[in-house]
């Protein structure tokens, strides 16, 4: 199961998130839950860096996969639009594939 954890400010701005685990929703290379989460996460981090020109702290397990942590996310408007869109997408995936992904949201 993928576990997605988001930490928000009191006014609901995303300050960090962590993704762990594997969806195991299908054979390797055909797991649509893993693919969806991966595309959303990578696109969001790329958007923060390449579109908004911010530099969050990124920690990942490049050897085994299944771990991505992003900290120190910019609280500015543009970065938060990307992060809110990412969070909404992850919550939509959870709504449809709750056997394979669990999302937790905490206020800091």
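Some observations on this one:
- Likely footprinting exposure, 57, 69, 102, fewest C-beta neighbours within 10 Å first: 57, 102, 69
- Only beta bridges with both residues in segment 2-107 are counted; by DSSP, about 65 percent of them are antiparallel.
- Å³ per residue enclosed by the Cα convex hull of segment 11-64: 114 Å³
- Rg and Dmax, both from the Cα atoms of the chain and both in Å, are 13.3, 40.
- Ordering 98, 43, 16 from the fewest to the most neighbouring beta carbons within 10 Å gives 98, 43, 16.
- If you run the Gaussian network model on the chain, springs between alpha carbon atoms under 10 Å, then out of 19, 91, 75 the most flexible one is 75.
- In terms of surrounding Cβ atoms within a 10 Å radius of their Cβ, 1, 83 rank from fewest to most as 1, 83.
- Residue of 52, 70, 37 that the Gaussian network model of the chain assigns the largest fluctuation, springs spanning Cα pairs under 10 Å: 52
- Between helix 77-96 and the chain there is an angle of about 20 degrees, using the helix long axis and the longest principal axis of the Cα atoms.
Rule-based calculations on the coordinates, nothing more; no lab input. Because the structure is a prediction, the values reported are computed rather than measured. Note: ideal-geometry Cβ built from the backbone for every residue, glycine included; neighbour counts use all protein chains shown.
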